[in-house]
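A short worksheet on the structure shown next.
Read-outs throughout are calculated quantities, based only on the coordinates presented, and are distinct from any laboratory measurement. Worth saying up front: this structure is predicted, and the values here are computed from it rather than measured. Quick reminder, even Gly has a Cβ in these numbers, built from the backbone with ideal geometry, and neighbours come from all protein chains shown.
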Amino acid sequence: MDALESLKEYGSDASSDEEPSPKVSELKLPELPSSILSMFKDEIEDDSRSNGELHKGRQRSFPHVPGNWATFVYCKVSVSDAMTRLMADLLDCFNTEDEGEEVKVELMEDVHVSLSKTVTLQYHCIEPLTADLMQGLTATIPQFDFSFDGIKILTNDEKSRSFLALTVGVGSSQLQSAVDVVDKCLGEYSLESFYKDACFHASFAWFLGDASDIMTTDLGGRLEKCFYRHQSSFPQRVDQIWCKSGCKQFSFQLRK
């Protein structure tokens, strides 16, 4: 991700204002055994990181509930130097004086193509679900390639954030096959399936609010011209599919 790191000069660093720790009650409760505490160590640390990520106006799509882990399945995207130059030029499309109110666009921390919605998973279900994903994906999905064919601005379900995204062209059918396997595994735990007629994409930047509030014909035209001017579809090889649950990451090697 060295190429993507070089693009971060377009975004601003997040400030971390730590509040003082609350005073501990004088009533000392008995300590829990270390074996129990270690079960939730990762979750406690992950929740601390998640709270720290809620800066720049971002909000959770759903409230944090102790024992529930935010979980999603995805393909990683390799960001080359050429792709970094494209992203920088696309961000420059927002830096014009004729667009009215200035839109502050922030870079994503990683670039990937989602194969599931973000769902909440209980701690004890992580191991069996990832085992199901391992079995289903490695048995039925061979390695494949995909590439990008355009640029879109997409908005989340809550209309609170919008995303600048590269859309997938070639390889969409293989991604859908992987989604079918993931949906089946998630369904065993009564978890929500992916979007019907999914538009597979890789978001690399975001801004607050609904895209329809700032989207103009001129802006859309500049973004499209910028993408096609680079004359590359930035092909990607998928030999692994990933699942992130809280702070835990799992990879599933696809067969050749």
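Going highest first, how would you order 241-252, 133-144 by mean Cβ packing within 10 Å?
Result, highest mean first: 241-252, 133-144.
For PHE144, enumerate residues with amide H under 5 Å from its amide H, sequence gap 5+ or separate chain, H modeled in the peptide plane.
Sorted by chain and number, the residues that satisfy this are VAL238.
Quick one: of LYS104/LYS196; LYS152/LYS184; LYS117/LYS196; LYS76/LYS184, which pairs are farther than 23 Å apart, Cα to Cα?
The pairs that break the limit, which is 23 Å between Cα atoms, are LYS104/LYS196; LYS152/LYS184.
Once phi is turned into ³J(HN,Hα) by the Karplus curve 6.51 cos²θ - 1.76 cosθ + 1.60 with θ = phi - 60°, what whole-Hz value does each residue of the stretch 158-171 show in order, with x for glycine and proline?
Karplus values, whole Hz, x for Gly and Pro: 7, 6, 9, 9, 10, 9, 8, 9, 8, 8, 8, x, 4, x.
Amide H neighbours of ILE151 under 5 Å, counting only residues 5+ apart in sequence or on other chains, H built in-plane at 1.01 Å?
THR167
Rounded to the nearest whole Å³, what is the per residue volume of the convex hull around the Cα atoms of the stretch 157-256?
153 Å³
Taking N as the number of residues in the stretch 99-239, what is its alpha-carbon radius of gyration divided by 2.2 N^0.38 Å?
Working it through for the stretch 99-239, the quotient is 1.19.
Under a point spin-label approximation (7 Å from Cα along Cα-to-Cβ), what is the ASP213-SER78 distance to one decimal in nm?
Between ASP213 and SER78, the label points sit 3.9 nm apart.
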